[in-house]
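Notes follow the structure.
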Amino acid sequence: RTGRSFRPRAAVSPMNAELRLCLVLHDHQPVGNFEQVFEQSYGESYLPFLETFEPYSDLAISLHTSGPLLEWLEARHPEYVERLAGLVAAGRVEIVGGAFYEPILTMIPSRDRVGQIVGFSRHLHERFGATPRGLWLPERVWEQSLVSDLARADIAYTILDDCHFRSAGLVDHQLTGHFVTEDDGRTLGIFPGSERLRYLIPFRSVDETIEHLREQAQRAPGSVAVFADDGEKFGTWPETYRHVHQEGWLRRFFDALVRERSWLRTVTLATAHAETTPVGRIYIPDGSYREMTEWALPVERQQVFDDLKHRFEHDERWGDLRSFVRGGNWRNFKVRYPESNEMYARMMHVSARLAQAEQEGFNPRLLADARRELYRGQCNCSYWHGAFGGIYLPHLRHAVHSHLILADTLLERAERTEPTWVEATADDYDFDTTPEVRLANDRLVAWIDPSVGGRLYALDVRALPLDLGATLARRPEAYHAKVRHGSSGSGGEVASIHDRVVFKQPGLDRMLQYDRDLRKSLIDRFLDADLDPGAIERNETTDHGDFADAPYAAKVRRSPQRIQVQLRRVGTAWDLPVTITKGVTLEAGSSALEIAYLLEGLPRDRSFRFAIEFHFAGLPAGADDRFFHRLDGQRLGQLETRLDLEYVTDLCLTDSWLGLDLRWTANRPTGLLTWPIASVSQSEGGFEGVHQSVALLPHWMVRGDAAGRWSVTMRLEADTTLAESRRPFAPFAQTVPQ
C-alpha cells in the first residue's frame with residue numbers, strides 16, 4: 001500500500017502510566033437519513049464534541065466517521081473536516097477505518113467486504129493523509145471468517161464487546177489488552193470494548209467513571225481499557241445535549257482525565273496496539289453486542305430471555321452464569337423480517353450481476369457507478385431492528401431499495417444498446433429453494449413469487465427509483481407489552497436509549513395490529529358478501545378461499561415486444577373447486593402492468609365476494625401533495641384516507657414530491673376500499689406510529705357465466721412524467737460506447 005499509516009504523537013512515557021484508556025467514537029448516519037437529522041447530529045454531537053476536545057492537548061482519541069456521514073460533512077461542513085484533519089496531523093486523533101457505507105460485513109460477499117474497506121481506506125488517506133490500520137466493525141457483528149478478509153484489506157485490529165470474549169470462555173480480569181486471532185493463516189488484533197463503560201459514559205457521574213477506571217488500574221497495572229460507542233450519545237440521543245454540553249459533563253470528564261494523568265493516560269487504539277503485546281490468542285464465537293443478540297431472537301424467546309435475566313440478575317451466581325447465556329444470531333433478522341431478506345436477496349443479485357459484468361469487461365465507468373450504488377445499498381441500518389427504528393423507518397428502507405434499483409439500472413445500461421426491451425427470467429431470487437419470476441423492461445421490474453399466492457412482492461419504478469412493493473407487515477414486538485401497559489418515563493434523568501420508555505404520541509395501544517400475511521400485491525381472497533371495511537382493516541375477516549399464500553403454477557409466454565407471466569391454481573372457495581388464472585403482462589418501453597384474471601368453476605346460481613389486495617409503499621401520508629384522485633381530476637383526500645367507493649373503474653395515487661402518479665384501472669366496475677397501514681415501533685426518541693403503506697382492495701360479487709367463468713382486466717401504470725421533467729430519465733438511450 002502507498003501512503004503512511006497513522007503515527008501517534010509523542011506522549012507521556014508508558015512506564016509512567018498505569019492504565020491506558022482508549023476513547024473510540026463511532027459517528028454515523030445511515031444512507032437515506034433526513035437532511036435535518038444529519039444537521040441536528042452535527043450541531044448537537046459532532047461539532048460540540050470537537051470544540052470541547054480541541055483545547056485538551058494532552059488527550060487523544062480514535063474516531064470512526066462512517067462513509068455516508070463523511071460524504072455529507074465534506075459537502076455541507078468542509079470546515080469541520082479541515083479541523084479534524086489538523087487534529088489527525090497533530091497525532092491527537094486516529095482515524096479508524098471501516099467498510100465505506102457501513103454494511104454488516106457478515107451479510108455481504110467477501111469481494112464486497114474487501115472492496116468497501118479498501119475503498120474507504122483510500123478515501124481516508126486522500127482526505128486525512130493517514131492510512132487507517134484499525135476498523136470499526138458495524139454493530140460488532142462477528143464471524144471468524146471475517147479475519148482473512150480484514151487482513152487482505154490491510155486491517156491490523158478492530159474492536160468487539162467484552163461479551164464476545166466472555167462467550168469464548170474468558171472472564172473480566174483477563175480482558176486487559178488486545179488479543180490476536182487467526183483465520184486461513186491470517187491474523188488480526190482484537191480489542192475488548194467495555195460494556196460497563198458504555199453504560200457509564202456519559203450517563204453516570206464523572207467520578208463514578210473515574211473510580212471504575214481506577215479499580216482496573218489497581219487490579220491490572222499497565223492494562224488497556226476501551227470505551228467504544230456511538231458519538232451521537234454525546235448530544236443527539238434524547239436529553240444528552242443538555243447533560244453533556246450545556247451542563248458540562250464532557251468538560252468535567254476531560255478535566256478529570258487530565259487531572260488523573262499520573263496513572264491514567266488516554267491513547268489511541270494505534271498507540272495501544274503499538275505499545276502493548278497481545279494478551280493472548282483467541283477465537284471468538286459468532287455474535288454481536290449483548291443487546292443485538294437479544295433483539296435477533298424470535299419475539300416469544302426475547303420475552304423468555306428478558307424474564308430469565310430479571311429473575312437471575314440479583315442472584316449471586318449470575319456473574320458466573322451470564323457469560324454462558326447468549327441470544328440469537330444477527331442473520332436471523334432475515335427470518336424475523338422477511339422484508340429484510342428481500343433487501344438482502346436483491347443486494348446479492350445486484351452484487352453477482354456486477355461481478356459478472358466486470359468479468360465480461362463492460363463499460364468501466366458505468367460499472368464503477370453501479371458499484372458505488374451497490375455499496376450504498378448495503379448500509380446495514382434498515383436490515384434489522386432493536387432499540388432503533390431500523391427496518392421500521394420507511395425512508396431508510398426505501399433508500400436501500402433505491403440505490404439497488406439504480407445499480408441494477410446502471411448494469412442494464414452497461415450491458416444493452418437497445419433503448420427499449422423486455423425480458424423475463426426465473427431463479428431462486430430470495431433463497432427459499434423455489435423459483436421467483438423477474439419480469440423487466442427499461443422502465444419497470446416486477447418480481448413475482450408463484451410459490452406464495454402468485455403475489456407481486458416488488459415493483460421497481462426505475463425513473464424514481466422506487467420499489468412500490470417495499471412494504472412492511474405489522475408483527476408483534478417484545479416492547480409492545482410496554483405500549484399496552486402504558487408504562488413511561490425515566491424519572492427525568494438522562495438514560496441510555498436501551499432504558500428509556502417514552503411515548504411520542506397518544507393512543508399507540510389502539511394502533512397495535514398484526515398481519516396474517518406480508519403486505520404484498522395480487523393476493524387473492526374470497527370474503528363474506530357483507531363486507532365490513534373496519535373488520536378488513538383489523539384483519540378480523542375470514543378468507544373462504546385457499547389462494548392467498550398457496551402455490552401457483554407459472555409459465556412465461558413471450559413475443560418480441562411483450563411478455564406475460566401466467567399463474568394458475570386449482571383451489572377451493574367456500575369448499576367448492578375453483579380455478580384462478582392470472583396473467584401479468586409487460587411490454588417493452590411501457591410503464592404499465594396489464595393484469596388479467598380468469599376465474600373458472602364458479603356456480604351460476606351463487607355469487608361470491610372476490611377481492612384482490614394491493615399494497616403500495618413509498619407514498620407517505622399526512623401531506624396535501626400526496627393524495628387520492630380519480631381520472632376525471634376529483635380529489636378524494638390524502639393517502640391515509642379510508643375510502644369505501646362503489647361502482648368505480650379507476651383510482652389514482654399521486655405523490656407530487658416524488659413526481660409519481662400511480663393509476664389503477666379496471667374494465668369492470670367494482671367496489672374499492674383503501675386504508676393506511678401503520679406500525680408501532682421504537683426508535684431513539686421513543687415509541688411512535690409509522691406509516692408504512694397504502695392498501696387498495698378492489699372487490700366484486702362474482703358469478704359464473706354459462707361456462708362457469710368470470711374475468712376482469714386491470715392496468716397498473718406508474719406515470720413518472722413529472723419526475724422526469726425535473727431530471728430527465730434515459731438510462732438506455734444514452735449508452736456510452738465500449
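The values are calculated or read from the model by the stated rules, or taken from the named source; none is laboratory data. Remember, predicted model here, so these are calculated numbers, not experimental data. Cβ: placed from backbone, ideal geometry, glycine included. Neighbour counts: every protein chain shown. All accessible areas refer to the heavy atoms of the entire protein, side chains included, with ligands and DNA or RNA removed. Shrake-Rupley method; radii C 1.70, N 1.55, O 1.52, S 1.80 Å.
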Query raised in the report: For the stretch 95-139, what is the accessible area per residue in Å² when the probe is 1.4 Å?
Result: 23 Å²
Query raised in the report: Using a simple spin-label model with points 7 Å from Cα along the Cα→Cβ vector, what separation in nm is obtained for Ala256 and Ser559?
Result: 7.7 nm
Report summary line: Computed about the Cα centre, the charge dipole of the stretch 319-369 from +1 Lys/Arg and -1 Asp/Glu charges at the Cβ has a magnitude in debye, to the nearest 20, of 260 debye
Requested in this report: For the stretch 495-649, with all protein chains present and a 1.4 Å probe, just round the carbon and sulfur fraction of the accessible area to a whole percent.
Outcome: 45 percent
Query raised in the report: Efficiency by 1/(1 + (r/R0)^6): what FRET value for Arg604 and Phe34, r their Cβ-Cβ distance, R0 = 56 Å, to the nearest 0.05?
Result: 0.50
Report summary line: Longest principal axis of the chain (C-alpha) makes with the long axis of helix 364-376 (C-alpha) an angle, in degrees to the nearest 10, of 80 degrees
Query - Against the rule of thumb 2.2 N^0.38 Å, how large the Cα Rg of the stretch 439-490 comes out - result: 1.85
Report task. Give the peptides 267-280, 537-550, 172-185 in descending order of average Cβ contacts within 10 Å, highest first. Result -> 267-280, 172-185, 537-550
Report task. Would you mind working out the accessible area per residue for the stretch 273-350, using a 1.4 Å probe, and quoting it in Å²? Result -> 55 Å²
**Report entry** Protection proxy ranking, peptides 91-104, 572-585, average beta carbon neighbours within 10 Å, highest first
**Finding:** 91-104, 572-585
Requested in this report: Rank Phe254, Thr271, Ile61 by how far each Cα sits towards the positive end of the charge dipole of the chain (+1 on Lys, Arg Cβ; -1 on Asp, Glu Cβ) and give me just the farthest.
Outcome: Thr271
Report task. Return one quarter of the surface area of the convex hull spanned by the alpha-carbon atoms of the stretch 497-602, equal to its mean projected area, in nm². Result -> 11.6 nm²
Report summary line: A 1.4 Å probe over the protein heavy atoms gives the stretch 306-425 a carbon and sulfur accessible-area percentage of 51 percent
Query raised in the report: Going toward the positive end of the dipole of the chain, with +1 on Lys and Arg Cβ and -1 on Asp and Glu Cβ, which of Ala90, Ala529, Gly390 do you reach last?
Result: Ala90
**Report entry** Equivalent ellipsoid semi-axes - Cα gyration tensor, the stretch 116-207, angstrom
**Finding:** 26, 19, 10
Query raised in the report: Val325 versus Glu239, label points 7 Å from Cα toward the beta carbon: distance in nm?
Result: 2.5 nm
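For the chain, what is the relative contact order in percent, using Cα pairs closer than 8 Å and at least 6 residues apart in sequence?
On the way: 1592 pairs, mean separation 83.0, N = 738.
Averaging sequence separation for qualifying contacts and normalising by length gives 11 percent for the chain.
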Report task. Percent of Cα-Cα pairs per 5 Å bin, from 0 to the last occupied bin, for the stretch 25-162, please list those. Result -> 2, 10, 20, 23, 20, 15, 8, 3, 0
Report summary line: Counting only protein heavy atoms and rolling a 1.4 Å probe, one gets per residue an accessible area for the stretch 682-731 in Å² of 39 Å²
Requested in this report: Please list the radius of gyration and Dmax for the stretch 623-665, considering alpha-carbon atoms only, with Å as the unit.
Outcome: 9.9, 30
Query - Folded to 0 to 90 degrees: helix 67-76 orientation relative to the chain principal axis, Cα - result: 90 degrees
Report task. Kindly express, to the nearest 10 degrees and within the range 0 to 90, the angle between helix 249-259's C-alpha long axis and the longest C-alpha principal axis of the chain. Result -> 30 degrees
Query - Ratio Rg/Rh, restricted to the chain and using Cα atoms, in which Rh is the Kirkwood radius - result: 1.01
Requested in this report: Can you find, among Ser559, Ala153, Tyr344, the residue farthest towards the positive end of the dipole of the chain? Put +1 on the C-beta of Lys and Arg, -1 on that of Asp and Glu.
Outcome: Ala153
Report summary line: Whole-Å distance linking the alpha carbon centroid of the stretch 190-221 with that of the stretch 546-603 is 63 Å
**Report entry** Rounded to the nearest 20 debye, dipole of the chain from Cβ charges on Lys, Arg, Asp, Glu
**Finding:** 940 debye
Query - Computed [θ] at 222 nm, helices only, for the chain once each DSSP H run of length n ≥ 4 contributes -39500 (n - 2.57) - result: -8500 deg cm²/dmol
Query - Carbon/sulfur fraction of accessible area - the stretch 130-182, other protein chains in place, 1.4 Å, % - result: 47 percent
Query raised in the report: In the stretch 588-738, how does Rg compare with the Kirkwood Rh, expressed as the Rg/Rh ratio over alpha carbon atoms?
Result: 1.07
